Amino acid sequence: MTRLRTTVSMLAAALAVGALTACGGGQPSAPVKNADGSTTLNMWTFADVHAAYYEEMAEQWNEANPDKEIQLEVTVYPYEDMHNKLQLAVNSGEGLPDVVDIEVNKFANFVKGDNPPLLDLTEAAAPYKDDIVQAQLDLYSRDGKMYGYPTHVGAFTTFYNTEALEGAGIDYTTIKTWDDFQEAGVKYHEETGKAFGVASTGVMFLEPLITAQLGGQYIDAEGNVQVNSPEVVETLSMIKDMQDAGAVSTIPGGSPDSEEAYGAINNGDFAAIVYPAWYTSRFVDYMPDLAGKVAIAPAPAPEGAEVQTIGGGGTGTAIPVVSPNKDLAAEWLAFAKLSPEANVAVWEVLGFDPVNMAMWEDEAVTKNPENKFNKYFQTNLFDVLGEVKDGIGNFESFADPNWPTVDDTFRTVTLNEIYENDVPVQEALDQTQADLQNQLGQ
């Protein structure tokens, strides 16, 4: 019998802070079984779709493990509220859940210092580790210890509105490099007067992708910011040149992943979206008019680049070390995030590209004609992943403790300065470098 309960909590007010004690203060109590022998696991997440997925995996776990049945109680908070609430709970050592989703750009905040407040999950991952994309495990690991399990690869791909492109005489299959992308974008803009690609101001995805393809990073191995390095300057200059030529444009809402952007893309106002593979779900859920009109293809890359793509975005699911149910929670979480069964659900429920590559070869799943994502898109996501799997790079800056600060500065200041206010790229990046060094004490 399945035991699940989801609570949706929309915290709007700031959370009061009591006296703060050392991280992880207090001793965990012994696990408390329910009268029927099950164990309640409290979980926090920031996405309703994640809650639905975890409920599915709790059902599968209970069916396979009747002697270790869980009652999963999921609370969904708004994104910022959840991460703020988690930080306060970590600081006080009280009120922590058994399991928690932490978005990749926030994860570094919770693994600082010698004794992170999160459980080392390395041992629980052992049965599945060999089939998992290593770059995604590395995102949530520090000093050889795994503190979170990934949800998807998030490999960058390109989503092309083929109906719009064909009307302008453009064949998307000929677009391999960023030069090709710019050439097609300029032609499309001249033919239609509409935007081709996107220069985002509210999210920093395209910039890390191109920087990684060029062999660069935003933070060096010692944790020092280097956001005005030659590779970063070249990246932002490439995107700005494309914007000036008409190949990319800013988008309503600041990024493709916003309500305003969904409407614009659905209306055919943009024809080429370079974004992580999990964006498949946004098309299916929010852009019904484009069903059957969108092809997925590899992201463009510079000529001869070793790195073809990286993971963009993501969620590391973790367990606070003080959880009284941490051992059972770790066992369930490894099953819920890394097992073949979980990764089938990642695709079928969420439409995300699974981290377990063994599942990529299961055509009964990947080529299922009844799958809603396969029905929507003209091309198969897993065929595209197969083309780039040997070129999936690890963008180390994402895992650095200083990344949240870098990301926030670019999203709130730098990208707007360059794409909206036409501040010269070198000038904007030099200023960002100075500001970040001052903020981080470097």
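The values are calculated or read from the model by the stated rules, or taken from the named source; none is laboratory data. Just so you know, these numbers come straight off a predicted model, no measurement behind them. Here Cβ is always computed from backbone atoms with ideal geometry, including for glycine, and neighbour counts include all displayed protein chains.
Worth pointing out:
- Whichever residue in region 410-428 is β-branched (Val, Ile, Thr) and surrounded by fewer than 20 Cβ atoms within 10 Å (Cβ to Cβ) and, among such residues, is nearest to residue 147 (Cα to Cα): 412
- Residues that are farther than 24 Å from residue 244 by Cα and out of contact with any helix residue (DSSP H, G or I) (no Cβ under 7 Å at 6 or more places or on another chain) number at least 3 in the following helices (runs of 4 or more DSSP H) confined to region 111-209: 134-139.
- Given (1) surrounded by 16 or more Cβ atoms within 10 Å (Cβ to Cβ); (2) touching a Gly at 6+ places or on another chain (Cβ under 8 Å); (3) not in a helix (DSSP H, G or I), index of the condition residue 94 fails: (1)
- Test set (1) assigned to a helix (DSSP H, G or I); (2) surrounded by 19 or more Cβ atoms within 10 Å (Cβ to Cβ) - residue 67 fails condition number: (2)
- Any hit, region 252-265, residues being out of contact with any helix residue (DSSP H, G or I) (no Cβ under 7 Å at 6 or more places or on another chain), at pLDDT 95 or above and part of a loop (DSSP other than H, G, I, E, B): yes
- Among the residues of region 303-314, the one identified as crowded, with 24+ Cβ neighbours inside 10 Å and of a type in the set (S, T, N, Q) is 309.
- From the options 426, 431, 442, 437, residue that is within 27 Å of residue 111 (Cα to Cα) and either touching a strand residue (DSSP E or B) at 6+ places or on another chain (Cβ under 6 Å) or at pLDDT 95 or above (or both): 437
- Complete set of residues in region 360-393 that are farther than 29 Å from residue 215 by Cβ, touching an Asp or Glu at 6+ places or on another chain (Cβ under 9 Å) and in contact (Cβ under 8 Å) with a residue 40 or more places away in the chain: 372, 373
- Taking region 285-340 as the range and being at positive phi and touching a residue at least 24 places away in the same chain (Cβ under 8 Å) as the test, the residues that pass are 292, 313, 314.
- Matching residues, region 97-123, being under 17 Å from residue 337 (Cα atoms) and either outside the structural domain of residue 336 (by TED's automatic domain parsing) or surrounded by fewer than 22 Cβ atoms within 10 Å (Cβ to Cβ) (or both): 103, 120, 122, 123
- Residues located in region 397-423, provided they are assigned to a helix (DSSP H, G or I), farther than 21 Å from residue 109 by Cβ and of a type in the set (Asp, Glu): 417
- Single residue of region 326-349 satisfying the filter (β-branched (Val, Ile, Thr) and surrounded by fewer than 21 Cβ atoms within 10 Å (Cβ to Cβ)) that is nearest to residue 124 (Cα to Cα): 344
- Residue 369 surrounded by fewer than 16 Cβ atoms within 10 Å (Cβ to Cβ), part of a loop (DSSP other than H, G, I, E, B) and not assigned by TED's automatic domain parsing to the domain that holds residue 347: yes
- Selection status of residue 353, under 18 Å from the mean Cα position of the chain (by Cα) and of a type in the set (Asp, Glu): yes
- Among the conditions (1) free of Cβ contacts under 8 Å to residues at least 60 places away in the same chain; (2) part of a helix (DSSP H, G or I); (3) in the same structural domain as residue 381 (by TED's automatic domain parsing), residue 343 misses just one, which is (3).
- Some residue of region 354-361 being among the β-branched types (Val, Ile, Thr), in contact with a helix residue (DSSP H, G or I) (Cβ under 6 Å, 6 or more places away or on another chain) and assigned by TED's automatic domain parsing to the domain that holds residue 276: no
- Count - residues of region 212-241 that are assigned to a helix (DSSP H, G or I) and in contact (Cβ under 8 Å) with a residue 40 or more places away in the chain: 10
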